[in-house]
Amino acid sequence: MSLLRRVNRHRQSRIFNTIDMTSLMDLTFLLLITFIVTMPALEQSISVRLPQGKADELPQKKVNTISLDVEGKTYFNNAEITLDDLERTLGNLAAEDPETAVLVRGDERIEYGKIAAILKILYKVKITRMALVTQAE
């Protein structure tokens, strides 16, 4: 009888050296899917319908972006800004780095004069590396 008790006691005290990975895998895949879905929204958070056109690929290095939405609001690197502040900011950037690149993203439904005002500012602060962003045809 005592031998039977020892065997039962030994079975109950066995420690499992494994971790159930199923819930960790589920969590990992959930986070991965969340990042895949949200990253495009974070990258271009200002809704601008770009005009279509034929153009080269955008540069891969760090560039500054000026966006104009359909309501006529101006954004510099996804932060709303006035034209006076934009001129001051771009002037500082051009003074620090003459090779500063700027992409201008304008909604196709806004007046051309608003894009022209941005181009005048770029010319005034002597930024020569700029491009108008279009949607691929």
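The values are calculated or read from the model by the stated rules, or taken from the named source; none is laboratory data. What you see is a predicted model, and the numbers here were worked out from it, not measured in a lab. Here the Cβ is made from the backbone with ideal geometry for all residues, glycine too, and neighbour counts use every protein chain on show.
A single member of GLU99, GLU111 is in contact with a strand residue (DSSP E or B) (Cβ under 8 Å, 6 or more places away or on another chain) and farther than 16 Å from ILE81 by Cβ, and it is GLU99. Selection within segment 91-130: residues that are loosely packed, with under 12 Cβ neighbours inside 10 Å and of a type in the set (Ser, Thr, Tyr). The member of this set that is nearest to PHE76 (Cα to Cα) is TYR123.
Looking at segment 1-97, the helices (runs of 4 or more DSSP H) lying wholly inside it that each contain 2 or more residues that are at pLDDT 70 or above sit at 22-43, 83-96.
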